[in-house]
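Okay, so here's the structure we're looking at.
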Amino acid sequence: MTSLDQVVATFASHLRSARHVVTLTGAGISAESGIPTFRDAQTGLWSHFNPEELASPAGFARDPALVWRWYAERRVKACAAQPNPAHYALAQLADLVPQLTLITQNIDGLHQRAGSRNVIELHGSLHRARCTVDGSIHSTWDYEEELPCCPNCGGLLRPDVVWFGEMLPRAALETAWAAALNCDVFMSIGTSGVVEPAASLPRIALSRHATVLILNLEQETAARPPLFTIYGKAGEMLPQLVAAAFHQ
Ligand code: OAD
């Protein structure tokens, strides 16, 4: 048995007996679907732009059409992408454990397309727009418009995502926080763990003596005190973990 096999086997035994599993996913889980991770996304046309300027209230105020073009391109890419085995493994896991809370920082909608339900989207969604005037939420809008408008009041729509400097949606954050406090197994998957408050969730779970797994392609930059670490592709390791826990 390699040390990786040992980690998989030991963590799988925790997963098998878990009552409440929390999974926190980041851009890395969608990498194998062809969606660039957040920190790899600055390529081509967009390499000249700083994401912290584009994805910010000030950036939108300065040039809303540019910001809309950026999100339109990401939405089209997300729609063309397919969920990968990691997304499907988490959807399957929900049916195998008594309770699963899936928290994501991703805005691509791939968890839902893989069959996951009640996904907690901490950073919003590419597939929704919000009116800057009346706050209404829209799941479709005129995609041809450079500056789409609210069908109710004519106000300017914006992507319903969390921008730098903005608060996270309160209900989503509260649910995520409570889940981290009350779970017995916590899995952090494909996130660099540098953006708060999501980055604190594994620490909260650990402080309540949950079993914590960090599954990432490479060592993270941020220091965390994980109990289990697996460095590998989520699309390979997650199906393996679920199989080791439930199908062997
Ligand atoms: P990042 O791009 O910061 O990190 C992606 C992580 O996934 C890295 O640690 C990679 O090593 C890892 N990774 C890449 N491919 C992988 C694979 N196939 N399997 C497993 N891991 C893999 O993305 P996030 O951590 O999601 O926030 O970024 C967090 C937030 O930072 C984003 O939601 C965004 C950004 O600011 C907002 O826009 C509010």
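Only the coordinates and a few stated rules stand behind these numbers; no lab work does. Note that the structure is a prediction, hence the values are computed from the model and not measured. Counting neighbours? That spans all protein chains shown, and the Cβs are built from the backbone with ideal geometry, glycine included.
Worth pointing out:
- Each helix, a run of at least 4 DSSP H residues, gives -39500 (n - 2.57); summed and divided by the residues of the chain, these come to -10500 deg cm²/dmol at 222 nm.
- Euclidean distance between Cα centres, segment 55-117 to segment 160-191, Å: 14 Å
- Residues with amide H under 5 Å from that of ARG128, placed H, sequence gap 5 or more: ASP160
- The chain - convex hull of alpha carbons, volume per residue in Å³: 125 Å³
- Charge dipole magnitude, Cβ of K and R +1, D and E -1 - segment 1-132, Cα centre, debye nearest 20: 360 debye
- For segment 20-29, putting each phi into the Karplus relation 6.51 cos²θ - 1.76 cosθ + 1.60 with θ = phi - 60° gives couplings of 9, 9, 10, 10, 10, 10, x, 4, x, 6 Hz, in residue order, rounded to whole numbers and with x for Gly and Pro.
- Normalised radius of gyration (Cα atoms, divided by 2.2 N^0.38 Å) for segment 61-170: 1.18.
- About its Cα centre, the chain has a charge dipole of approximately 540 debye under the convention of +1 per Lys or Arg Cβ and -1 per Asp or Glu Cβ, with nothing else charged.
- Short-range pairs are left out: with C-alpha atoms under 8 Å and at least six residues apart, the relative contact order of segment 43-200 is 20 percent.
- Dimensionless Rg ratio for segment 102-248, taking C-alpha atoms and the 2.2 N^0.38 Å reference: 1.22
- Free-standing Cys residues across the chain, given no other cysteine C-beta under 4.7 angstrom: CYS79, CYS149, CYS153, CYS183
- Comparing GLU121, GLU145, GLU52 in a Gaussian network model of the chain (Cα springs below 10 Å), the most mobile by mean-square fluctuation is GLU145.
- Net charge over other residues, Cβ less than 9 angstrom from the Cβ of ILE137 (K, R count +1; D, E count -1): +1
- Each residue of segment 166-181 was assigned a 3J(HN,Hα) from its phi angle through the Karplus expression (A = 6.51, B = -1.76, C = 1.60, θ = phi - 60°), giving 9, 6, 6, x, 4, 5, 5, 5, 5, 5, 5, 4, 4, 5, 5, 6 Hz with x at Gly and Pro.
- Three-way shape call for segment 1-135 based on the alpha-carbon gyration tensor, with the a/c threshold at 1.5: prolate
- Under Karplus coefficients 6.51, -1.76 and 1.60, residue-wise ³J(HN,Hα) of segment 62-79 in Hz, glycine/proline x: 6, 8, x, 5, 5, 5, 4, 4, 4, 6, 4, 5, 5, 5, 4, 5, 5, 5
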